[in-house]
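Structure first, then comments.
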Amino acid sequence: MRDVQERESEFADRLVHINRVAKVVKGGRRFGFAALVVVGDQKGRVGFGHGKAREVPEAIRKATEQAKRQLIRVPLREGRTLHHDANGRHGAGKVHVRAAPAGTGIIAGGPMRAVFEMLGVHDVVAKSIGSANPYNMVRATFDALKNVDSPRSVAARRGLKVSELQARRGEAAADA
């Protein structure tokens, strides 16, 4: 019991959006609520969930549980920004995320800002292009974050050492 509470307390959650829907029945309207929640440990793990219920707290609880089941790990450079720029899309929602120098802060719109705050990123520049639907924006942001690779994983995939990879990057910059 105590282990479960400790594991849950390591995650912070952010409510991104609540949608109220009405079903018209014989006696009037029945309201339901849908919640979009982003959960993260602020150290490189983040997830999102969508929950529906008759009451807002129950919808938020369901969304939070789903978000904790769907966590992804994102490699961070120096624990504060992304390793490189990335694009993501979901439906009509497109996002572009860029690594930023220290002191930049999180420059991103509402739903994307929540994702980066829960991820633990301190410096990032992001732009949403297309859909302003929070669900599509969050899913597109996750698509972009899944495309981010660390130099360590790239070096392992290519059979190189990280130092060799970084040296090549310096040579390419000098040639340009």
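The values are calculated or read from the model by the stated rules, or taken from the named source; none is laboratory data. This one's a predicted model, so the numbers in the text were calculated from it and none came from an experiment. Every residue, glycine as well, gets a Cβ built from its backbone with ideal geometry; the counts of neighbours run over all protein chains shown. Protein only, heavy atoms only, side chains kept; ligands, DNA and RNA dropped before computing areas. Shrake-Rupley method; radii C 1.70, N 1.55, O 1.52, S 1.80 Å.
Before moving on, here are some points about what is shown:
- Across the stretch 40-49, rounded Karplus estimates of 3J(HN,Hα) from the backbone phi angles (6.51 cos²θ - 1.76 cosθ + 1.60, θ = phi - 60°) give x, 9, 6, 9, x, 10, 8, x, 10, x Hz, Gly and Pro being marked x.
- Relative protection proxy for 20-29, 89-98, 56-65, 147-156, from highest mean packing down: 89-98, 56-65, 147-156, 20-29 (other beta-carbon atoms within 10 angstrom).
- Solvent-accessible area per residue, Å², over the chain with all protein chains present [probe radius 1.4 Å]: 59 Å²
- Relative contact order for the chain: 18 percent, from Cα pairs under 8 Å spaced at least 6 residues apart, divided by residue count.
- Solvent-accessible area assigned to carbon and sulfur over the chain amounts to 49 percent, based on a 1.4 Å probe.
- Each helix, a run of at least 4 DSSP H residues, gives -39500 (n - 2.57); summed and divided by the residues of the chain, these come to -11500 deg cm²/dmol at 222 nm.
- Percentage, to the nearest whole number, of Cα pairs in the chain over 29 Å apart: 31 percent
- Taking only the C-alpha atoms of the stretch 73-142, the Rg (one decimal) and the largest Cα-Cα distance, Dmax (whole number), read 11.1, 33 Å.
- For the stretch 112-176, Kirkwood radius (reciprocal of mean inverse C-alpha pair distance, Å): 14.4 Å
- Spatially close Lys pairs in the chain, defined by Cα atoms under 17 Å apart and a spacing of eight or more places or different chains, total 9.
- Annotation: extensible slack from Gln42 through Leu160 equals 39.5 nm (criterion: 0.36 nm per residue apart, minus Cα-Cα distance).
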